[in-house]
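What follows is calculated from the coordinates using simple rules that are stated; it is not laboratory data. Note that the structure is predicted; figures quoted are calculated from it, not measured. Glycine also receives a Cβ, built like all others from the backbone with ideal geometry; neighbour counts cover every protein chain displayed.
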Amino acid sequence: MARHFIVQDVAEEIATHALELVKALPIHYRSYADQLVRATGSVALNLAEGFARQGKDKRYLYSVAYGSARESIAAIRILSKAGAVGPADSTALIARLDEVCAMTWRLMHPDPHRRRRSQKPDLGGVSRARGTGRQCPSACAETRPGWSFKGAEESMAERVL
């Protein structure tokens, strides 16, 4: 079963909306319209390519998508301030692009405390049998249930909230 990539769907929606928006722009705004279409398309395309890559390529393509999203926001703001795009359209597009920026930022900077199911916990070079009474470093306590560490329960509760 294929994984669903929500940020990709949002980026494609934005690119489609931008294509519709620029059709109504006056001819003297065509350079900004062209830039907006290319930037929003770049967001969707780089997210799609990054989703299929591994390692540094993945992070690089996500960073290019993030930069293109920021570029798209700037183009919309310029067109809005010039009066070429209505406030409702610009506000809606900027809000959606801001969502894409947030999701893409998280893709570029994953939470180091969150691990995938297939990954084994990093015990920081410390290992011991359960029930010995000795305290474990915080990294162990957060990833291994039943290990004692003062404050581990509070930090896990904060992460859940």
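The stretch 6-108: percent of C-alpha pairs farther apart than 17 Å?
Working: 2377 of 5253 pairs.
The answer is 45 percent, as a whole percent.
Using Cβ counts within 10 Å as a stand-in for footprinting exposure, how do 29, 66, 60 rank, fewest first?
Ranking 29, 66, 60 by Cβ neighbours within 10 Å, fewest first, gives 60, 29, 66.
Let me check against my output: what whole-number percent is the relative contact order of the stretch 55-108, with C-alpha pairs under 8 Å and at least 6 apart?
This gives 54 percent for the stretch 55-108.
Within 10 Å of each residue's Cβ, count the other Cβ atoms and sort 16, 104, 40 from fewest upward.
Sorted ascending by nearby Cβ count, the order is 16, 104, 40.
Need the full-extension length gain, residue 16 to residue 63, defined as separation in residues times 0.36 nm minus the C-alpha distance. One decimal, nm.
14.8 nm
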